[in-house]
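The values are calculated or read from the model by the stated rules, or taken from the named source; none is laboratory data. None of these values were measured; they are calculated from a predicted model. FYI the Cβ positions are ideal-geometry reconstructions off the backbone, even for glycines, and counts take in every protein chain you see.
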Amino acid sequence: MKTLSRRAFINGMFATGVVLQIPGTVLAKFPPKATAVKAGIITDLHQDVIHNGSERLNIFLDHCKKINPDLIMQMGDFAYPNEKNKELINRFNDANKETLHVIGNHDTDSGHTKAQCISYFKMPARYYTKAVNGVCFIVLDGNDKGSPKHKGGYPAYVNDEQKLWLQQQLKEINKPIVIVSHQPLAGALAVDNAAEIQEILSSAADKILLAINGHTHIDCQLLINNINYVHINSASYFWVGGKYRHNSYSEEIHQNHPWISSTCPYQDALFTTLTITPSAGIIHIEGKKSNWVGPSPKALNYQDETGILPAKEIVPFIRKRKIISTAKIKM
């Protein structure tokens with residue numbers, strides 16, 4: 001099979017988006033003549049914050065009708081699990097034969113529970129596995145309590161029970177794996193025991209294609225111990241907080257949806273398509289561009305204690321990324 005020279009590899013970064021490497025050993029986990037696996041992904045819709053969440057979801061689902069993915073997934077902070085949002089949740093669940101849900105920290109706001117999330121979202125459990133066309137998606141719950149590092153606010157932790165389960169899954173599964181979580185497992189706002197989880201995942205790097213998360217509302221990628229960690233941007237906005245409150249929409253919208261004042265919204269819904277093509281040894285993350293509504297975080301002189309930066313990680317788009325097997329590159 002044709003390989004890439006170092007120069008072609010570098011040139012490809014600029015021609016096709018950000019090019020990242022995955023271990024060639026992962027490809028060996030696919031059966032011969034394995035077909036491509038395509039997933040439509042949306043995260044952090046925040047139906048109960050943004051005024052046009054339903055419209056944003058419709059745009060995503062219309063896109064999925066056109067591309068016909070093998071599964072669709074929402075990676076948390078989707079909608080409160082209640083009767084008010086039942087129609088929206090069912091619309092997502094009815095849009096594809098294979099759906100995947102992750103529980104976000106805001107899905108249990110206002111007294112809602114994980115049990116309600118499992119029931120309304122029709123999840124098998126709060127953490128679970130789903131195999132689709134030869135790829136196993138391991139879904140984690142990063143909302144566990146009990147972290148010795150917790151200093152207030154929402155918990156962000158993977159407890160011992162779930163950690164043991166994860167280790168067992170990584171040992172038993174003999175397929176290519178995608179790790180899916182709401183809270184990141186690396187980078188800004190990662191779970192409190194991120195280093196420990198990274199060590200567990202790195203022990204199975206020969207099986208893991210990548211780890212993806214929502215929660216941060218940024219566009220970012222990190223490569224740590226042979227695992228690619230990709231932050232998928234929010235469908236709706238970047239949260240700037242009360243210090244930077246401002247109006248981006250009409251006064252009426254802000255009166256009816258007061259939390260929007262603490263955000264910098266995206267003009268268009270952001271979402272992406274993850275395509276895994278074993279025959280080419282490539283994982284492709286589709287790019288999606290939008291613009292800010294109202295002043296941008298940079299215009300507001302926004303500063304973040306985690307070190308993420310406006311116009312770098314804080315952007316109104318999802319970057320196009322291509323992750324190519326190291327077996328295809330002659331370095």
Test for ASP192: is it at pLDDT 95 or above, of a type in the set (Asp, Glu) and either buried (at least 24 other Cβ atoms within 10 Å of the Cβ) or under 30 Å from PRO148 (Cβ atoms) (or both): yes
Residue match in the stretch 288-307 (condition: closer than 30 Å to ILE208 by Cβ, acidic (Asp, Glu) and touching a Leu at 6+ places or on another chain (Cβ under 9 Å)): no
Extreme residue, modelled with the highest pLDDT, among residues of the stretch 1-37 that are closer than 20 Å to ILE173 by Cα, surrounded by 17 or more Cβ atoms within 10 Å (Cβ to Cβ) and under 24 Å from the mean Cα position of the chain (by Cα): VAL37
Some residue of the stretch 166-185 being among the hydroxyl-bearing types (Ser, Thr, Tyr), closer than 21 Å to CYS220 by Cβ, surrounded by 16 or more Cβ atoms within 10 Å (Cβ to Cβ) and within 18 Å of the chain's Cα centre (by Cα): yes
Residues within the stretch 93-113 that are surrounded by 17 or more Cβ atoms within 10 Å (Cβ to Cβ) and either under 29 Å from LYS66 (Cα atoms) or without any contact (Cβ under 8 Å) to a residue 24 or more places away in the chain (or both), tallied: 9
So LYS86, is it more than 19 Å from the chain's Cα centre (by Cα), modelled with pLDDT of 95 or more and either of a type in the set (Lys, Arg) or not in a helix (DSSP H, G or I) (or both): yes
Any hit, the stretch 247-258, residues being without any contact (Cβ under 8 Å) to a residue 60 or more places away in the chain and buried (at least 23 other Cβ atoms within 10 Å of the Cβ): no
Top-ranked residue of the stretch 298-321 - restricted to ones that are crowded, with 19+ Cβ neighbours inside 10 Å and touching a Lys or Arg at 6+ places or on another chain (Cβ under 6 Å), ranked as nearest to CYS264 (Cα to Cα): PRO310
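Each row is one residue, and each column tells you yes or no for (1) crowded, with 18+ Cβ neighbours inside 10 Å; (2) farther than 18 Å from ILE42 by Cα; (3) more than 20 Å from the chain's Cα centre (by Cα).
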| residue | (1), (2), (3) |
| --- | --- |
| ILE72 | yes, no, no |
| TYR80 | yes, no, no |
| ALA115 | no, yes, yes |
| ASN143 | yes, yes, no |
| PRO148 | no, yes, yes |
